[in-house]
Every structure is written in structure tokens, then in C-alpha cells.
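Remarks on the structure that follows.
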Amino acid sequence: MRKFFTALVVIPSGVIFVIFAVANRHLVTVSFDPFNSTTPAVAVKLPLFVVIIAVAIIGVAAGGMATWFRQRRWRRAARQYEADARQARTQLADLRANSATSSGDRQRFPALPQSSFYGSAGRDKQGATL
């Protein structure tokens with residue numbers, strides 16, 4: 001399925017990219033001097049498709065970084081909840097060990113499943129098998 005999706009998306013995208021590059025290969029001057037437009041101090045002559053694709057790549061990278069910075073709060077909360085859960089598991093294990101040694105009854109507290117995220121049956125809340 002993955003190879004089919006790759007062939008369905010990547011091959012047409014590559015063909016479109018090549019057609020775009022061939023159709024827009026004339027040179028344009030990219031100037032970084034806003035005060036002198038006739039003879040700019042800092043200018044680069046590049047093919048138009050290179051300029052457009054470079055701007056698109058920079059835009060995607062800037063958008064990804066902005067999204068990453070905006071999600072900082074949720075990543076921090078997830079790390080804190082994971083640390084709290086790990087601490088609670090450790091305390092529970094200590095309490096079970098202390099209780100088992102003091103009363104000698106190990107069958108009173110069943111062990112929690114460590115590998116199953118959705119419970120012992122391997123199903124999510126709607127009952128779908130994972």
C-alpha cells in the first residue's frame with residue numbers, strides 16, 4: 001500500500017516539478033538592495049524555478065518551526081504527566097512490596113499490565129481491536 005501511495009503521489013509530483021523547471025528556466029535577478037534598483041549592491045541571478053522552489057522550502061520550514069514552538073506547552077505537559085505516572089508506578093510498586101512483606105499475601109494485589117496501553121484486552125474505548 002505504501003509503495004502504491006508513493007507511486008501515486010511522488011511520480012506525478014516529480015513530473016510536475018520537471019515540467020515547471022523546464023518552463024521557468026530563464027534567469028531573474030534577485031536583489032537584496034532596496035535603495036538602488038538599477039545597479040544593486042547585492043544581487044544574484046538565478047533561474048526562476050530555483051527562486052520559487054527555494055522560497056517554498058523556506059516557507060515550509062518556517063511554518064514547521066512556528067508549529068513546533070506553538071506546541072511547546074503540550075509537549076511540556078506530556079513530559080510532566082509521564083514523569084508523574086512513572087513516580088506513581090514506583091510508589092505503587094513500593095507499597096505492594098511493603099504490603100506483601102508485612103502481610104505475606106501476594107495474591108491480594110494483582111500486577112498491572114506493563115506492555116498494554118489500552119488495557120489487558122488490547123482494545124480501545126470503542127472496542128476496536130488494536
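The values are calculated or read from the model by the stated rules, or taken from the named source; none is laboratory data. Just so it is clear, the structure is predicted and the values come from calculations on it, not from any experiment. Methodologically, a virtual Cβ is constructed for each residue, glycine included, from the backbone with ideal geometry; neighbour enumeration extends over all protein chains shown. Calculation scope for accessible area: heavy atoms of the full protein, side chains included, ligands and nucleic acids excluded. Shrake-Rupley method; radii C 1.70, N 1.55, O 1.52, S 1.80 Å.
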Check segment 41-54 and report whether any residue there is open to solvent by 80 Å² or more (accessible area, probe 1.4 Å), assigned to a helix (DSSP H, G or I), at pLDDT 85 or above and in contact with a Leu (Cβ under 9 Å, 6 or more places away or on another chain).
no
Looking at segment 80-109, which of the residues that are open to solvent by 100 Å² or more (accessible area, probe 1.4 Å) and charged (D, E, K, R) is modelled with the lowest pLDDT?
Arg106
Please verify whether Ser31 is out of contact with any Asp or Glu (no Cβ under 9 Å at 6 or more places or on another chain) and open to solvent by less than 100 Å² (accessible area, probe 1.4 Å), treating the condition exactly as stated.
yes
Can you name the number of the only condition in (1) surrounded by 12 or more Cβ atoms within 10 Å (Cβ to Cβ); (2) modelled with pLDDT of 90 or more that Arg73 fails?
(1)
